[in-house]
1. Take the eigenvalues of the Cα gyration tensor for the range 227-313, scale each by 5, and report the square roots as semi-axes in whole Å, largest first.
2. In whole Hz and in residue order, list the ³J(HN,Hα) couplings for the range 208-223 that follow from phi through the Karplus curve 6.51 cos²θ - 1.76 cosθ + 1.60, θ = phi - 60°; x for Gly and Pro.
3. For the range 191-276, report the convex hull volume of the alpha-carbon atoms normalised per residue, in Å³, without decimals.
4. Quick one: which of K65/K94; K94/K304; K65/K133; K94/K115 span more than 28 angstrom between C-alpha atoms?
5. For K65, K266, what's the fewest-to-most ordering of other Cβ within 10 Å of each Cβ?
6. Taking the mean number of other Cβ atoms within 10 Å as a proxy for protection, how do you rank 282-292, 245-255 from highest to lowest?
7. Taking R0 as 51 Å, what FRET efficiency do you get between T198 and D237 from their Cβ-Cβ distance, rounded to the nearest 0.05?
8. Starting from the 7 Å offset along Cα-to-Cβ, what nm value, one decimal, do you get for the label separation of D294 and K115?
Amino acid sequence: MQAHSFRHAVRALLIASAALATAGAAAVPVSAGTMAPNAAKAVAAVGGTAAAPTSGSGPTGIRIKAGALANAATGQILWSQDLDTERPIGSIVKVMTALVVIRAGHLDQGITVPKSVVAYLKKQDQPSTAGLKPGDKLTARELLEALLLPSGCDAAYTLAQAYGPGLEAFIAKMNTEAQQMGLTSTYFSNFDGLPWPTEHSTWSTPANLITLGRHAMRYGVFREIVGQASYSLLAGDGHHAYQWTNSNPLIGKYAGAIGIKTGDTKAAGNCLLFEATRGGLTLVGVTLGTPGDDISATGPVATKVLNWGFEYF
């Protein structure tokens with residue numbers, strides 16, 4: 001079955017079985033490349049500025065396949081480009097991986113990095129890793145650091161095995177969570193965003209990712225992790241020392257940046273789900289398919305999107 005047909009078949013099943021979206025999570029759709037009508041009023045109601053850009057305006061000088069910017073408090077979409085277009089999202093998938101773990105709890109439990117992770121990584125094409133050593137025992141909280149900062153596929157594998165338990169059971173939980181959030185244009189075929197079984201077997205939309213990001217940032221442990229520039233874990237009983245750096249190019253460089261997650265594959269391009277706060281206003285945005293040789297290419301693009309949002313709202 002071709003990827004396009006497969007996506008629509010799975011989407012139909014998801015829509016049929018999806019639970020009602022969590023209250024307040026749904027974003028207000030707008031046409032591609034436009035600003036939401038009455039956006040200034042919505043923002044002013046929560047303490048934003050009243051200066052509204054003209055209809056049809058938005059950030060300029062950016063090259064992306066799709067994207068959106070929203071008021072994080074209300075979910076109001078302020079600008080979008082191909083808001084409801086389904087696209088591969090790379091390691092932004094790990095946001096849902098983290099949510100499944102966080103919602104399950106027991107973050108202080110010790111989890112041993114399985115030997116099978118070595119063979120798994122060898123099957124993948126240059127996966128990002130946290131450099132985890134098989135046999136090391138870390139807490140689930142520490143593995144979340146390894147998952148979200150350096151985008152460790154080895155951490156994703158380890159958590160999925162423990163919290164599924166097993167990979168297939170974990171992936172099923174990810175899709176159940178998506179249904180419960182009302183993410184009817186999102187499907188996960190894996191737990192790490194790598195292009196398996198194909199480049200297009202996992203997908204989402206800017207609108208759904210805005211909702212996912214808003215949900216994730218409601219959890220203190222998630223916010224704390226993704227807002228860090230780096231994390232150091234000293235060698236301890238049962239594990240080596242680790243040093244992980246946040247792959248998000250905005251953290252520590254863009255004033256007010258507080259998250260969220262990078263992603264990239266050949267099909268997805270460079271992707272960034274991001275959030276920043278200034279003057280009492282918090283904006284959440286996503287850019288998909290930014291061209292460039294490195295994930296750092298998303299930094300200047302997200303900066304232009306955020307600057308536009310903070311200037312006009």
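1. 27, 18, 9
2. 5, 5, 4, 5, 4, x, 5, 4, 4, 6, 7, 9, x, 5, 5, 4
3. So the per-residue Cα hull volume is 133 Å³.
4. Violating the 28 Å Cα-Cα cut-off are K65/K133.
5. K266, K65
6. With the highest mean Cβ count within 10 Å placed first, the list reads 282-292, 245-255.
7. So, using R0 = 51 Å, E works out to roughly 0.75.
8. 3.8
Since every read-out is calculated from the coordinates, none of them should be taken as a lab result. Everything quoted here is computed from the prediction, not taken from an experiment. Note that we place each Cβ from the backbone using ideal geometry, even for glycine, and neighbour counts take in every protein chain shown.
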